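**Q** Just dropping this structure here.
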Amino acid sequence: MLDLRRVSLLREVHRRGTLHAVARALSYSPSTISQQLSLLEREVGVALLERSGRRVHLTPAGHVLVDGSSALLDDLERLETSLVGTSNEVTGTVRLAVFQSAALGIVPRALSLLAEEYPQLRVEITQREPESALDEVWAREFDLVIAEEYPAHAAPRRHELDRVPLVHDGLKLGVSVGSSIHSLAEAARSAWVMEPRGTASRHWAEQQCRLAGFEPDVRFETADLQAHIRLVETGHAVALLPDLVWGGAAPRVPLLTLDGDPHRSVFTATRVSSAARPAIVAVREVLARAVGSLV
């Protein structure tokens, strides 16, 4: 009988490309990973991996096993969900991945509600970029993710993941107190602070500036939105800021509404096979209430 733990390691090798990358991610030694995969090959009786320099690739048999294992793992997770559902208590651990403005604006209130209502539930929170976090939920590194989708910038989709809308979050131009800027176009000569290249928020922000007729002078690049706010507050930059970053409190800088009043979609996603798990249902319901208390 196949060892599903070893099959999961094979999936990770396929996803990450090297044994060292898998070892770092799972806190194993590369030799342990190699040994477990060798045992898996002996179990199935065929080669599952082939080397190409430092990288490893699946053989045709490896692809068959990885593709088929997804259904097995989903069935196992559904079975575990059914067993947990026989209890009236919400317990266990939910590993939640969030992006920063959700961590600032939603998570503190949600944690307070969870502590009051589900004291036996443990929630572990890690900050991740939404694009990578969606993949990590699929790979079972997280149970649930709060992710985002910017206007005309679709987030990655996997049929194994469901989506539940959480909030439509306004996006506005932040300027310093007393600024003479009254529109996005008037910020053409300003210094800008934006998130790092490659993120959906950065691409969307650059596109907004280009549609307004200019290329932004990005002098500051950081994923820390508190740093964005501080640079805007002190008059060193302007920035496109989401409403969630204020966590329901009064904004510390003047905010200008953009043409079309754009909003990003914030949603939660989990594996379809675990969506009915009582702990996941409870966390999602509390997150929705936490957002409702902010708007």
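The values are calculated or read from the model by the stated rules, or taken from the named source; none is laboratory data. Quick caveat: nothing in here was measured; it's all calculated off a predicted structure. When we count neighbours, we look across all protein chains shown, and the Cβ atoms used for this are built from the backbone with ideal geometry, even at glycine.
**Q** Would you mind finding the one in 279, 269, 223 that is under 30 Å from residue 162 (Cα atoms), touching a Ser or Thr at 6+ places or on another chain (Cβ under 8 Å) and not in a helix (DSSP H, G or I)?
**A** Checking each option against the conditions leaves just 223.
**Q** Moving to a separate point now. Select from the range 219-277 the residues that are modelled with pLDDT of 95 or more and of a type in the set (Phe, Trp, Tyr) and write down the one among them that is nearest to residue 288 (Cα to Cα).
**A** 267
**Q** Counting residues that are among the small types (Gly, Ala, Ser), which strands (runs of 3 or more DSSP E) fully inside the range 109-203 reach at least 1?
**A** The strands (runs of 3 or more DSSP E) meeting that bar are 144-149, 161-174, 191-194.
**Q** Anything in the range 100-135 that is polar (S, T, N, Q) and touching a helix residue (DSSP H, G or I) at 6+ places or on another chain (Cβ under 9 Å)? List them, or say none.
**A** Of the range 100-135, the ones polar (S, T, N, Q) are 100-101, 112, 120, 126-127, 132.
If the condition is that a residue be polar (S, T, N, Q) and touching a helix residue (DSSP H, G or I) at 6+ places or on another chain (Cβ under 9 Å), then 100, 101, 112, 126, 127 are the ones that fit.
**Q** Testing residue 177 on (1) surrounded by 13 or more Cβ atoms within 10 Å (Cβ to Cβ); (2) in the same structural domain as residue 257 (by TED's automatic domain parsing), one condition comes back false. Which one is that?
**A** Exception for residue 177: condition (1).
**Q** Do you know which residues across the range 233-262 are part of a helix (DSSP H, G or I) and out of contact with any Pro (no Cβ under 9 Å at 6 or more places or on another chain)?
**A** Taking the range 233-262 as the starting set, the residues that turn out to be part of a helix (DSSP H, G or I) are 233, 243-246.
Listed by number, the residues that qualify are 233, 244, 246.
**Q** Among all residue pairs at least 6 apart or on different chains, which show Cβ distances below 7 Å where the first residue, located in the range 151-163, is of a type in the set (Asp, Glu) and the second is in a strand (DSSP E or B)?
**A** 160/271; 162/269; 162/270
Quick grid of which residues meet (1) within 21 Å of residue 98 (Cβ to Cβ); (2) free of Cβ contacts under 8 Å to residues at least 40 places away in the same chain; (3) among the acidic types (Asp, Glu); (4) assigned by TED's automatic domain parsing to the domain that holds residue 160:
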{"site": "192", "(1), (2), (3), (4)": "no, no, no, no"}
{"site": "214", "(1), (2), (3), (4)": "no, yes, no, no"}
{"site": "226", "(1), (2), (3), (4)": "yes, no, no, no"}
{"site": "274", "(1), (2), (3), (4)": "yes, no, no, yes"}
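**Q** Just one of 185, 200 is aliphatic (A, V, I, L, M) and surrounded by fewer than 17 Cβ atoms within 10 Å (Cβ to Cβ); which is it? Quick ask: steps written out before the conclusion?
**A** Details: 200 fails: surrounded by fewer than 17 Cβ atoms within 10 Å (Cβ to Cβ).
Answer to the check: 185.
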